[in-house]
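S.K.: This is the structure I want to talk about, given as structure tokens.
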Amino acid sequence: MDRQPRHTFSICAYGCSPYLEQCISSVLSQDMPGDVIICTSTDNGHIRALAKRYGIPLYVRSGQSSLRDDWNYAMRTAAEEREAELVTIAHQDDIYHPGYRRALLEACRRWPDMSLFCTRYETIDAEGHVIPHSIEGIKRILRMPLRLRGLSGTRFIKELPIRFGNGICCPSCSYAAKLTGTSVFSGEYSFVTDWDALIRLARRPGRFICDERELISYRVHEGAATSRLTHQGLRGSEEELMFRKLWPA
């Protein structure tokens, strides 16, 4: 029997989030056991207490918080310190359904050249209630080309889901470290860090695999970075930069 690749949920924790414990519980409740760590650049008693309560290794990055640097640290720590071949950068606000790890490992077994794994998601509010008629319906349409599994290793097919907008949900993504490397994220972006990374990964070897089952719950609330940056007006200007990378002027 082939050896199963090592997978790590690398939870990015910030501040004193009321949702972190739910995220921790969800990744520990997967129907297949595996590795879980917490990474933070905002070390505090709340995060330390939860790490201790659940027996999860805690890694602290020194220096100022930065989405790019924090996510790369979570990726690098999982791949190098924990020797993970597959890394899920878990967002503290979100909930990972019990079958997520199983689906990821099955996809990797079937498609050994998979560089990126992503899934469909449901949107929930601050209290955990499902929000109907979310933007995910449009994103599903954008992701339709990835159903052509035989072609999902080509640059053209990998770029289609991100060419008309970012159709891939960042918290649902897992990365194959041997193909993506550990410095997945670059640029000083506040909002489109994940979209920028997807553009670069689409142009490198590796297959994008999307499992269209709802395998995570993506939380939308006023305290989330997405909401905050949208209100600050950064979203439009950064998204324009991404479209300029994908389309002629």
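The values are calculated or read from the model by the stated rules, or taken from the named source; none is laboratory data. Remember, it's a predicted structure, so these values are computed and weren't measured experimentally. Note that each Cβ is placed from the backbone with ideal geometry, even for glycine, and that neighbours are counted across all protein chains shown. For the accessible areas, the whole protein counts, side chains as well, though only heavy atoms, and no ligand, DNA or RNA atoms are used. Shrake-Rupley method; radii C 1.70, N 1.55, O 1.52, S 1.80 Å.
S.K.: Please work out if Pro57 is touching a strand residue (DSSP E or B) at 6+ places or on another chain (Cβ under 8 Å) and not aliphatic (A, V, I, L, M).
M.R.: Considered against the rule, which asks whether it is touching a strand residue (DSSP E or B) at 6+ places or on another chain (Cβ under 8 Å) and not aliphatic (A, V, I, L, M), Pro57 comes out as yes.
S.K.: Among the residues in the stretch 156-163, are any in contact with a His (Cβ under 9 Å, 6 or more places away or on another chain), in contact (Cβ under 8 Å) with a residue 12 or more places away in the chain, open to solvent by 10 Å² or more (accessible area, probe 1.4 Å) and among the aliphatic types (A, V, I, L, M)?
M.R.: Checking the stretch 156-163: not a single residue is in contact with a His (Cβ under 9 Å, 6 or more places away or on another chain), in contact (Cβ under 8 Å) with a residue 12 or more places away in the chain, open to solvent by 10 Å² or more (accessible area, probe 1.4 Å) and among the aliphatic types (A, V, I, L, M).
S.K.: Among the residues of the stretch 193-246, which ones are at pLDDT 95 or above and part of a loop (DSSP other than H, G, I, E, B)?
M.R.: Arg203, Arg204, Pro205, Gly206
S.K.: If you scan the stretch 123-138, which residues turn out to be closer than 18 Å to Cys210 by Cα and either open to solvent by 40 Å² or more (accessible area, probe 1.4 Å) or in contact with a Pro (Cβ under 6 Å, 6 or more places away or on another chain) (or both)?
M.R.: Ile135, Ile138
S.K.: Is there any pair linking a residue in the stretch 201-223 that is over 23 Å from Arg109 (Cα atoms) to one that is open to solvent by less than 20 Å² (accessible area, probe 1.4 Å) and assigned to a loop (DSSP other than H, G, I, E, B), with Cβ under 8 Å and at least six apart or on different chains, and which?
M.R.: Ser217/Asp94; Tyr218/Asp94; Tyr218/Cys169; Arg219/Asp94
S.K.: Oh, and also: Tell me the helices (runs of 4 or more DSSP H) entirely within the stretch 25-112 that contain at least 1 residues that are without any contact (Cβ under 8 Å) to a residue 60 or more places away in the chain and open to solvent by less than 20 Å² (accessible area, probe 1.4 Å).
M.R.: Those helices (runs of 4 or more DSSP H) span 45-54, 67-76.
S.K.: While we're here: State all residues of the stretch 1-17 that are open to solvent by 70 Å² or more (accessible area, probe 1.4 Å) and either touching a residue at least 60 places away in the same chain (Cβ under 8 Å) or within 21 Å of Pro98 (Cα to Cα) (or both); if no residue qualifies, say none.
M.R.: Asp2, Gln4, Arg6
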